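Derivation of every value follows stated rules applied to the coordinates shown; laboratory data play no part. What you are looking at is a predicted structure, and each value in this text was computed from that prediction instead of being measured. Reconstructed Cβ throughout: ideal geometry from the backbone, glycine too, with neighbour counts over all protein chains shown.
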Amino acid sequence: MFTLLSMTTFKERLDEAVADKKMTTAEARAAFKQLGMGRSNLTHWFGGRATRPQAATLAPVADFLGVNAVWLASGTGPKRAKGDNKKMSAKLLQLSTDAVDVAIAYDGMEPHVQDLIRQHMTAVNEALGAPSNKNPFGKGRRPKKAAKRKRQSGTQ
């Protein structure tokens with residue numbers, strides 16, 4: 001027997017979050033405009049043409065609506081963030097759109113696949129060696145700037 005998952009679009013999740021806030025679409029559009037969203041974004045979001053909004057635009061809206069930004073963007077994870085949603089949204093603002101897409105994909109994976117990815121990334125980090133400006137993902141501590149300058153000048 002097959003079960004169909006309830007697949008929702010970004011627009012459906014947005015409409016649901018707006019309805020949960022007990023707002024009309026017009027009220028939500030006005031509020032989002034106050035958050036700095038442009039008319040074009042508003043038209044795409046509420047018209048159903050936006051499928052993956054950018055994190056910088058999405059995070060303040062998710063905060064305003066009181067929903068998990070990852071849930072709003074992709075439908076994965078809990079609808080309401082545990083703890084402080086603003087902290088999570090602030091972290092999302094620091095990520096590139098590609099990094100947010102990777103995080104969303106990772107959250108939707110089975111736990112055994114996540115374990116394999118973590119093991120692989122650990123092996124990659126170990127192979128890269130110590131962190132540096134060219135290799136920020138290596139293991140160990142980064143050299144202090146003063147120590148780096150001494151090495152470059154040849155004095156110790």
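Label-to-label distance for ASP20 and VAL124 is 3.2 nm, based on points extended 7 Å past Cα in the beta-carbon direction.
Counting neighbouring beta carbons within 10 Å and listing from fewest to most, the residues HIS44, HIS120 come out as HIS120, HIS44.
Residue order for LEU116, LEU58, fewest other beta carbons within 10 angstrom first, comes to LEU116, LEU58.
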